[in-house]
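Participant: Below is a structure I'd like to ask you about.
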Amino acid sequence: MAYAIITGASKGLGAAAAKQLLSEGLKVISVSRSENVDLKEIDQKGSGEYTHYSCDLGSPSEVKSVFTKIAGMVFQERGEEVYLINNAGMVDPIETAGNLDVEKTETHVNVNMLSPMIISNLFLNKADTSDARLVIANISSGAGSRPVHGWSIYCSTKAAINMFTQTTALELDNRKSHHRVFAFSPGIMDTDMQSTIRSSSKSAFNDIETFKNYKEEGKLRDAETVAGALVNVLKSDEIENGKIYQINDLL
């Protein structure tokens, strides 16, 4: 049976992807600080299996400890596929450079950039000792390819994830590995992150009115639709290694 390990699956895109993969019969492992009770109910009704691990993804030492255990368990069993979705992310602090909170910045970098790198490294290392095929999806953003006022940290960490994805893919191709890694840019979704963006200040974020209009004009996609596109790429036999998939090209 295939495994799907999803960070930040307590809500939003992560929860939607977890629900879909559970309904398709996969063993889903959710990793976040809080647990989504709906996933428990789906687990009891469906053919998949669900497990939750509590982890503060802002703590590199905790991430290393928890995911070392998960990787050891997943790759010890014989399985055809192991899917890893590095989904957990945050947009705070929304502020201009020079006014950033240092502690919030450190947490942001740990969650958005360092944790996916640590987790991917651990899983790739263990995958090479197994016959399972590992597919890694790193959730990116359009902000990773352009500057946005007030998002210097968010833009930087997403750009780093894009380059980490592309470099890892280059290394996998170089050694003719059957493992795959790609990034996925989900676009603007109706999630808690959008609420955080709309609650920021004009001085910290110039585009706040634009994002308020996205909500008022119904331009935010629901997480379930975006999760469907993500899962389709994840389970495809024709994943382009290192590619940054854009939601607008998939719907």
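Participant: Among the numbered conditions (1) surrounded by fewer than 18 Cβ atoms within 10 Å (Cβ to Cβ); (2) in contact (Cβ under 8 Å) with a residue 40 or more places away in the chain; (3) in contact with a helix residue (DSSP H, G or I) (Cβ under 9 Å, 6 or more places away or on another chain), tell me where Leu230 comes up short.
Facilitator: Single failed check for Leu230: (1).
Participant: Still on this model: When you go through (1) over 29 Å from Gly25 (Cβ atoms); (2) at pLDDT 95 or above one by one for Thr210, which number turns out not to apply?
Facilitator: (2)
Participant: Here is a follow-up. Using the structure shown, decide if Ser54 is over 23 Å from Met193 (Cα atoms) and surrounded by fewer than 22 Cβ atoms within 10 Å (Cβ to Cβ).
Facilitator: Values: over 23 Å from Met193 (Cα atoms): no; surrounded by fewer than 22 Cβ atoms within 10 Å (Cβ to Cβ): yes.
Answer is no for this residue.
Participant: A follow-up question, please. Could you please let me know if Arg146 is farther than 26 Å from Glu81 by Cα, modelled with pLDDT of 95 or more and exposed (fewer than 14 other Cβ atoms within 10 Å of the Cβ)?
Facilitator: Yes, satisfied.
Participant: Also, I was wondering about something else. Within the stretch 196-210, can one find any residue that is free of Cβ contacts under 8 Å to residues at least 60 places away in the same chain and either among the basic types (Lys, Arg) or assigned to a strand (DSSP E or B) (or both)?
Facilitator: Checked against the condition, which is being free of Cβ contacts under 8 Å to residues at least 60 places away in the same chain and either among the basic types (Lys, Arg) or assigned to a strand (DSSP E or B) (or both), the stretch 196-210 yields at least one hit.
Participant: Has the stretch 4-11 got any residue that is aliphatic (A, V, I, L, M), within 15 Å of Leu122 (Cβ to Cβ), in contact with a strand residue (DSSP E or B) (Cβ under 9 Å, 6 or more places away or on another chain) and touching a residue at least 40 places away in the same chain (Cβ under 8 Å)?
Facilitator: Yes, that holds for at least one residue.
Participant: Has the stretch 153-163 got at least one residue that is in contact (Cβ under 8 Å) with a residue 40 or more places away in the chain, of a type in the set (Phe, Trp, Tyr), within 25 Å of Ser23 (Cβ to Cβ) and not in a loop (DSSP other than H, G, I, E, B)?
Facilitator: Among the residues of the stretch 153-163, not one is in contact (Cβ under 8 Å) with a residue 40 or more places away in the chain, of a type in the set (Phe, Trp, Tyr), within 25 Å of Ser23 (Cβ to Cβ) and not in a loop (DSSP other than H, G, I, E, B), which makes the answer no.
Participant: Among (1) modelled with pLDDT under 95; (2) surrounded by 20 or more Cβ atoms within 10 Å (Cβ to Cβ); (3) of a type outside the set (D, E, K, R); (4) on the phi > 0 side of the Ramachandran plot, where does Gly8 come up short?
Facilitator: Single failed check for Gly8: (1).
Participant: Sticking with this structure for a sec: May I ask you to say which residue of Asn241, Asn138 is in contact with a strand residue (DSSP E or B) (Cβ under 7 Å, 6 or more places away or on another chain), assigned to a loop (DSSP other than H, G, I, E, B) and either under 24 Å from Pro93 (Cβ atoms) or not hydroxyl-bearing (Ser, Thr, Tyr) (or both)?
Facilitator: Criteria check complete, one pass: Asn241.
The rows are residues; the columns are (1) small (Gly, Ala, Ser); (2) outside any helix (DSSP H, G or I); (3) crowded, with 17+ Cβ neighbours inside 10 Å.
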{"residue": "Gly58", "(1), (2), (3)": "yes, yes, yes"}
{"residue": "Glu62", "(1), (2), (3)": "no, no, no"}
{"residue": "Lys69", "(1), (2), (3)": "no, no, no"}
{"residue": "Ile85", "(1), (2), (3)": "no, yes, yes"}
{"residue": "Met90", "(1), (2), (3)": "no, yes, yes"}
{"residue": "Thr96", "(1), (2), (3)": "no, yes, no"}
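The values are calculated or read from the model by the stated rules, or taken from the named source; none is laboratory data. The shown structure was predicted, so the numbers you read here are calculated from the model rather than taken from an experiment. FYI the Cβ positions are ideal-geometry reconstructions off the backbone, even for glycines, and counts take in every protein chain you see.
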